[in-house]
Amino acid sequence: MVKVGSFSAAVLALGVISPSIASYNGSHVIYVPTVETWDNGMGSLTTYFHSVNSDYAHLYEHNYLDKRDTVEVYTSVVVAGTSVILAAYAGLEIYEYVAEVIKQRSNADVCSLTYGDYTDGERIEGYAYRATTTGTNCQTTALESAIYAALRRCANKLHKGGATTGCCKFRHGGSWTGHLRLSAEPKKHPASDITCPS
Ligand SMILES: *[C@@H]1O[C@H](CO)[C@@H](O)[C@H](O)[C@H]1NC(C)=O
């Protein structure tokens, strides 16, 4: 009986492993951040779930996490009664706006934090953005359209995973890294208060 049970679990794990490797322990989602390439493989996007809406926690219940195989494991608190980060199609204006902000900061060569809440009159989302560099400037050659595409991917990932707050880290070759935090509940959880791995 035990053998049959563990065999089923292994089969199940194979079916659900691709979106994210994670587990849910009743109060936290424990997960490995996903790293994807963007802009034709010229850069990478890493998505972090900072907090997850409790209605979505079941998504993580049957996933498989083998801590022995993982280097980076993060936890995400599960919260009830919250909104979820807008999918790309639902938040077109905000994501266009944020992509523009990211490109403008790059053009101006500024690393410092900028943040705010964006509303289209109906929906609201908070963002906080800064850049870091291992070199001497905070510029990226990534086109605004490529940044926007990566940002949409990030938003969709956070939305599907039921994130209320989350982060995306963008790299595009060179020394630049873009750090974006998003909050679906900017009044309760301002994006600038979210802590994500740097
Ligand atoms: C769930 O995981 C979090 C983060 O690792 C931990 O703080 C918490 O104590 C865990 N809860 C249970 C019930 O194991």
Under the rule rounded for a/c under 1.5, else prolate if a/b exceeds b/c, else oblate, using alpha carbon gyration tensor axes a ≥ b ≥ c, the range 46-198 is classed as oblate
Given bins 5 angstrom wide, list per bin the percent of all Cα-Cα distances in the range 146-198, short to long. 4, 20, 27, 24, 16, 6, 2, 0
Sulfur and carbon atoms: percent of accessible area, the range 54-198 [1.4 Å]: 49
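Once you sort the root eigenvalues of the Cα gyration tensor of the range 114-158 as a ≥ b ≥ c, which label holds: rounded (a/c under 1.5), prolate (a/b larger than b/c) or oblate (the other case)?
prolate
The values are calculated or read from the model by the stated rules, or taken from the named source; none is laboratory data. Keep in mind the model is a prediction, meaning the values are calculated, not measured. Each accessible area value is taken on the protein alone, full model and side chains, heavy atoms only, with ligands, DNA and RNA left out. Shrake-Rupley method; radii C 1.70, N 1.55, O 1.52, S 1.80 Å.
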